[in-house]
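Encoded as structure tokens, the structure appears first; notes follow it.
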Amino acid sequence: MDTPNKPEVTLEGKDVVNLWLEGRDAWNRWVKKNPDANVDFGCIDFSKCRGTGKHLISFERYKFPNGGVSFVNAIFGEGCVSFKGATFGEGCVSFKGATFGDGYVWFVGAIFGVGDVLFNGANFGDGDISFIGATFGDGYVSFNSACFGDGYVSFNSACFGDGDVSFDDVTFGDGDVSFSGATFGGGSVSFNGASFGKGMKSFDTATFGTGNVTFYKAIFESGNVTFDKAMFGFGNVSFYRAKFGNGNFRFNNVNFGEGNVSFFGATFGVGSISFDKAAFGTGNVTFNKATFGGTFVSFDRADFGDGYTDFRVTHFGKGKLKLERINCKYISFELPMQKSDTPSPAIDLTTFTLRGAAIDGPLIMNNMEFNCIPDLRSTKLTHHVDMDGLKVNLVREKGSWKTCWHRYVKDKTAQSKLGRMKEIAEQFKHHHEALKFNALENQAKRWVNEPSFIKNVMDMLYSFVSDYGRSYVRPMIGLALSWLYFAMSYTLIAFIAAGKLPNLLHMLGFAVVNSLPFIPIGRSIRTKAEALYFSGSVDWVYGFITVQSIVSLILIFLIGLGLRNQFRL
């Protein structure tokens with residue numbers, strides 16, 4: 001014969017309040033006799049039990065049965081509330097819509113069973129909220145849409161089970177928020193749409209399990225945000241379109257696990273951003289369309305793992321971007337072709353460095369523009385480097401009129417940096433880029449290390465006449481102008497010698513022939529012209545012919561050099 005089921009016991013209303021008022025010992029004895037009972041404090045107004053002195057509402061070391069425990073819409077009023085060391089059973093624990101007044105709320109060392117733990121829509125006052133060392137079971141843990149005041153909120157060393165943990169749309173006040181040392185199990189962890197106030201936000205040394213971790217469109221107002229030495233598991237980590245206010249942002253020594261890491265569309269305010277010694281796993285890493293507002297962004301000695309690393313950001317900020325000694329398989333800064341009025345995301349950087357980086361895959365820098373010199377010295381590059389459309393502007397300081405010949409560049413390493421870029425361009429067959437960097441290297445040499453007047457003048461002429469051998473049009477124009485100049489000079493000399501004005505076209509032809517001494521007919525034409533127009537003034541003519549020959553020889557050489565470089569003959 002089957003044993004009939006025992007009737008379900010529910011402690012509620014005045015009975016539950018009266019038993020609680022009898023104290024912890026009486027409560028725990030009742031729970032021991034009714035281990036599977038339900039406990040319902042729903043809609044109870046605890047403020048009526050405080051008295052005028054706002055006495056502590058205490059559930060310290062209370063034990064709850066295995067049935068459901070409900071504090072739904074309970075009102076705790078002004079003053080402190082403590083569940084320190086409380087032990088909940090296996091059923092669902094719900095504080096949905098509960099209201100806590102100004103005063104500390106302690107769940108320090110509380111133990112929750114395998115059932116769901118729900119704080120959805122709970123409202124906390126301006127006191128400190130502490131879940132330090134609390135233990136949650138494998139059920140679903142939710143603080144969705146909960147609202148915290150301006151006090152300190154701490155989940156330090158809290159331990160979450162394998163269920164999902166959700167802080168979606170939660171609102172934190174302007175106090176500090178800390179999950180330092182917290183441990184999350186195998187479920188997903190989400191702070192989607194969460195809003196953090198102006199206090200410090202810390203996830204230092206937190207350990208995340210195998211589930212995804214998402215901060216989708218989370219808002220972090222001003223104040224430091226730190227994830228130093230945090231550990232992520234096999235899931236994806238996403239800060240998709242998260243917004244960070246002014247303050248420092250640190251992911252130093254973080255282990256991101258094996259999933260994808262996304263900061264797509266994230267916005268960072270003014271402050272330093274640091275991923276020093278961060279370790280990324282086999283997944284892809286993207287900062288695509290992210291905006292950095294800070295003055296210092298560092299990935300020093302970061303290991304980007306085996307995935308694709310995407311730095312196609314919207315803006316890198318107005319300061320330094322350091323990727324020194326990084327390790328990665330594939331890294332891209334490539335931008336689509338920009339409109340003429342669209343600035344490059346790197347245009348405001350004062351430092352961009354990949355010095356000492358080891359890149360075991362493509363490095364793509366297409367269409368980037370810098371007002372600083374990228375530092376690629378000591379880089380280890382095993383695959384192709386794309387530089388199509390890469391533009392580097394060598395910015396120099398404006399000096400006084402005394403230094404106009406050698407206005408200086410602040411970066412004393414400019415020449416070596418440009419030399420390395422030229423070397424890379426030559427190595428990977430970027431011919432035109434190599435010429436461009438060679439020209440910049442020569443300019444840097446003059447603007448940094450060569451104060452000599454003569455050398456500076458020669459370098460300036462080389463730059464002006466042929467753009468450091470990259471233009472054949474400029475020396476062609478120069479040659480044509482030299483013909484006109486010397487034709488007019490020969491006309492004047494002939495007029496002085498003979499007393500009559502010769503035909504200007506004849507003088508122009510004479511100038512052209514003198515500039516092309518390798519034409520066989522030139523010698524006979526020159527001899528006849530000298531006899532016809534320059535009798536009595538041969539010495540003058542020889543002086544001008546000599547000067548023109550030298551000028552023409554230089555210009556013809558530069559034309560050939562420009563053609564060779566332009567068409568790579």
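Rule-based calculations on the coordinates, nothing more; no lab input. Source: prediction; values computed, not measured. Cβ sites come from the backbone with ideal geometry, for glycine too, and all protein chains shown count toward neighbours.
The E8 and D45 beta-carbon pair, evaluated with R₀ = 22 Å, returns a calculated FRET efficiency of approximately 0.30. Subtracting the Cα-Cα distance of E426 and I477 from 0.36 nm times their residue separation leaves 15.4 nm of extension gain. Counting neighbouring beta carbons within 10 Å and listing from fewest to most, the residues T99, T353, T282 come out as T282, T99, T353. Take the Cα of H383, step 7 Å toward its Cβ, do the same at L553, and the gap between the two points is 5.1 nm. As a proxy for reagent exposure, M200, M421, M460 were ordered by neighbouring Cβ count within 10 angstrom, fewest first; the result is M460, M200, M421.
Site pair D138 and L505 shows an inter-label distance of 10.3 nm when each label is modelled 7 Å from Cα along Cα→Cβ. When the P(r) is computed for the range 52-141, the part past 17 Å accounts for 46% of the Cα-Cα pairs. Distant-in-sequence amide contacts of T267, defined by a placed amide H-H separation under 5 Å and a gap of 5 or more residues or a different chain, comprise A242, K243, F244, T291. A dipole drawn for the chain from +1 and -1 charges on Cβ atoms has a positive end, and of A444, V313, F464 the residue lying farthest that way is F464. Here D15 and Y240 are evaluated by their C-beta separation; at R0 = 51 Å the FRET efficiency comes out at 0.55. What shape does the range 193-264 have by the C-alpha gyration tensor, where a ≥ b ≥ c are the square roots of the eigenvalues, rounded means a/c under 1.5, and otherwise prolate means a/b greater than b/c and oblate the rest? Cα axes put the range 193-264 in the oblate bin.
FRET efficiency for the pair K33 and L56, taken as 1/(1 + (r/R0)^6) with r the Cβ-Cβ distance and R0 = 22 Å, rounds to 0.25. Going by the alpha-carbon gyration tensor, a ≥ b ≥ c the square roots of its eigenvalues, is the chain rounded (a/c under 1.5) or, if a/c is not under 1.5, prolate (a/b greater than b/c) versus oblate? Prolate. Label-to-label distance, T342 versus T314, with points set 7 angstrom from Cα along the beta-carbon direction: 1.3 nm. From most to least packed by mean Cβ count within 10 Å, the peptides 376-389, 295-308 give 295-308, 376-389.
Each of C49, T171, S70 was scored by the projection of its Cα onto the charge dipole of the chain, and the greatest displacement toward the positive side belongs to T171; charges sit on the C-beta of Lys, Arg, Asp and Glu. Quick check: from the Cα gyration tensor, does the range 258-378 come out rounded (a/c under 1.5), prolate or oblate? In terms of gyration-tensor shape, rounded. Put in line by how crowded their Cβ is, counting other Cβ atoms within 10 Å and starting with the fewest, R61, R325 read R61, R325.
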